[in-house]
Amino acid sequence: MSGVADRREAKRMEVQLPSVLLACLQTNRSWTRQVTVENVSTKGAFFHLEEAVPIDTSVELQIGLPSPLSPTPDLKLNLQGVVVRSDRVENGRRLWGIGIRFIGNWNVKPALVEL
């Protein structure tokens, strides 16, 4: 069997986690979007957006932790990453599949933006 799944370094978990994406574009412009992480691993995450994000864009992803994992509702998992996939989804809607690879360390802290 061949394909993307065979090349992955880490097993992905199918999830639906409310998250916030902060992107720092090469034009010295940054923006924040609310997204739903659809799958996640120790190496990266995948979600959909209504716009493309250029490959190699630096991002911060703030993932809302489900109540069994967080003692308080405002704690979020904060991860630094880089966009490694930005593909148009052919389903009649203007959606892009965005994949990010985590880089650096992660931390848990209060939310930057209310989810």
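The values are calculated or read from the model by the stated rules, or taken from the named source; none is laboratory data. Fair warning: this is a prediction, and the values are worked out from it, not measured in the lab. Every residue, glycine as well, gets a Cβ built from its backbone with ideal geometry; the counts of neighbours run over all protein chains shown.
R93 passes every criterion in (1) more than 9 Å from the chain's Cα centre (by Cα); (2) closer than 14 Å to S19 by Cα apart from (2). Residues that are farther than 18 Å from K109 by Cα and at pLDDT below 90 do occur in the range 81-90.
Surrounded by fewer than 14 Cβ atoms within 10 Å (Cβ to Cβ), among the β-branched types (V, I, T) and at pLDDT below 95: is that true of V113 in this structure? Against the criterion (surrounded by fewer than 14 Cβ atoms within 10 Å (Cβ to Cβ), among the β-branched types (V, I, T) and at pLDDT below 95), V113 qualifies.
Conditions tested, residue by residue: (1) in a strand (DSSP E or B); (2) polar (S, T, N, Q); (3) surrounded by 13 or more Cβ atoms within 10 Å (Cβ to Cβ); (4) out of contact with any His (no Cβ under 7 Å at 6 or more places or on another chain).
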site	(1), (2), (3), (4)
V37	yes, no, yes, yes
T42	no, yes, no, yes
F47	yes, no, yes, yes
V59	yes, no, yes, yes
K76	yes, no, yes, yes
V83	yes, no, yes, yes
G97	yes, no, yes, no
F102	yes, no, yes, yes
